[in-house]
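Please treat every number below as a calculation from the coordinates, not as lab data. Not measured: the values here are computed from a predicted model. Note that each Cβ is placed from the backbone with ideal geometry, even for glycine, and that neighbours are counted across all protein chains shown.
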Amino acid sequence: MVYVGKAMFLRCRNEEEIHLELADKRVSISKREVSFLANKFIVYLSVAHKQSQHRIGQMLSLNGGYILHLDATCEGESPHLMCGLDGITEIVLENEKMASEKAETIIPFLKKIQKAYGDPLAMVHDMGKGIIRAVEKVFPDTPDFICHYHFLAALGKNLLKTEHDTLRKRLSNHGIQGKLKMRARELKRKVEKRRGLVPYLLKCMEQKSLEGCAMDLMPAVVTYALVLWALAGKKQGKGYGFPFDRRYLNFYVRLKSLHPMLTKLNAVRLSGKKKDNKPYLTIIRDLIDTLDDATLRKAADQMAQKASVFDKLRKAMRIALPAGTHGINDRGSKEQMSTIARRVEKFCDWVEGDKALSAKKEYKSMIAQIKEYWNKLFCDPITVRTPGGIIQIQPQRTNNILEQFFRSWKRIYRKKSGMNALEKIMKAMPTNTPLVKNLNYPQYMRMLLNGKDSLEERFAEIDARLIRKEVAKLSVNSDKVLPRIKKLIRQTDFPEQLVAIFAG
């Protein structure tokens, strides 16, 4: 069982791979049994974790306490899986499946953590109203902070969403991306017919000269390269996603640049024949309707102006920077919180001092939101007493530690299942599956093993009756439709038959 659990959750193997590995070791079990043993491993781990909570609490106290990061994830109509994680040791403390992220469903979860580990030094979470109300109810005296990344993303979406949606819809209506992709395929076939054409282009670029180039076919390969460049505009983000990356705006800006480039190129007859420039003219004509769209042009101009203001705030907060390389895993620069707060204050003063900006509703709303959440954004280091003396702890500025874990975990499940949709998996998986993250931390393993040398020895101590009880809960809580009922409802005349039998 432990072998199966480690193979599945630590080595990311699927049922088929584990089945074959065990067969090589002359252990014959079905793939269904592999799945059952994996779930049973989580049940054992969950029970061992609960039995170790006192020791884990002692470990946390050696650090001066714990900083509780809260976040939830879901897929489709699956339950929300909420995790509570310590930001100092980065170990998962508690998990719960809940129907929604409303305060009344989160409060019992927080009380469970409070009972096991006491009050945290601080809280870090997103801007969900349910989480905020639940935290205020259970931990009224605990410093409570909003994730800077989530806060900035919410501000950016509110500011840029209208223009972003307009760009997306108008570009889609014109079908310009599809047209350019079609032209790219046509040009690619033409370019591939003449070997060495791409090397010719590269040579021209390198020597900044047309000497030795195939003049008659240069327009085709040049147009092909420029069309690909324009299409790549939608992929030029830094991995943050909207509103930090503006893919539709980037694409439109490249289309605007492409038109004058092609017009300039079309004025030159490399081979002296007008027909050789046909690739330029084809794309120029394709662009006309899109670039003549006044609504699209206005939305792009407005979005560019708003984006420049938003990017100033990104730089002030030193997170998800335009030139950043960490993407959605960005945890922000390590600076004094007071320094960041002063920069944000200067940004607010700049917006309010600008007559044009301060008169607009969207910027008034942005500044109002910054002021509303100010005390949840910026905090001084927390001074705590530990066995080693007095230390200061600065809560992490983002909740990306949990976001990153969720993404990694979903990536593993997609790899194992071969499916992109995880709704069924989320519904069926044991609630405490995220505890497997802790198995990578030696500190946690010492607390969990409690003097034993291995998980096998530790799990052998657990009362089998307790395990049977927990395993039974997995099937009770499952939303899986009973097989015979499933077969019935597939019948086309099922409702009529049912009514006829019971109603006559």
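Between helix 294-317 and the chain, what is the angle of the helix's C-alpha long axis to the longest principal axis, kept within 0 to 90° and rounded to the nearest 10?
Helix 294-317 and the main axis of the chain meet at about 50 degrees.
Can you give me the relative contact order of the chain as a percent, contacts being Cα pairs under 8 Å and 6 or more apart?
That works out to 21 percent.
Considering the values (1) 89, 64, 63; (2) 103, 71, 50; (3) 100, 68, 47, which represents Cα extents along the principal axes in Å as calculated for the structure under consideration?
Matching the structure shown: (1).
List the lysines whose Cα lies under 24 Å from the Cα of LYS346, skipping any in the same chain that are fewer than 8 positions away.
LYS157, LYS306, LYS312, LYS315, LYS334, LYS355, LYS360, LYS361, LYS364, LYS371, LYS376
From the square roots a ≥ b ≥ c of the eigenvalues of the alpha-carbon gyration tensor of the range 147-378, which class results: rounded (a/c under 1.5), prolate (a/b over b/c), or oblate?
prolate
I want the antiparallel fraction of DSSP beta bridges within the chain, as a percent rounded to 5.
Counting DSSP beta bridges with both partners in the chain, the antiparallel share is about 75 percent.
Which value, in debye to the nearest 20, describes the size of the charge dipole of the range 1-148 about its Cα centre when Lys and Arg Cβ atoms bear +1, Asp and Glu Cβ atoms bear -1, and nothing else is charged?
Rounded to the nearest 20 debye, it is 580 debye.
Treating the angle as unsigned and between 0 and 90°, give the value, to the nearest 10°, between the Cα long axis of helix 218-231 and the longest Cα principal axis of the chain.
The angle comes out at about 40 degrees.
Once the Cα atoms of helix 176-193 and of the chain are each reduced to a long axis, what angle between those two axes, in degrees from 0 to 90 to the nearest 10, is obtained?
So the helix axis and the longest Cα principal axis differ by about 70 degrees.
Can you sort ILE382, ILE42 from fewest to most other Cβ atoms within 10 Å of each residue's own Cβ?
ILE382, ILE42
Please compute the contact order of the range 147-378 in relative form: average sequence separation of alpha-carbon pairs under 8 Å and at least six residues apart, divided by the residue count, as a percent.
Value for the range 147-378: 25 percent.
Neighbour counts of other C-beta atoms within 10 Å: give me CYS348, CYS83 arranged from fewest to most.
In increasing order of surrounding Cβ atoms, one gets CYS348, CYS83.
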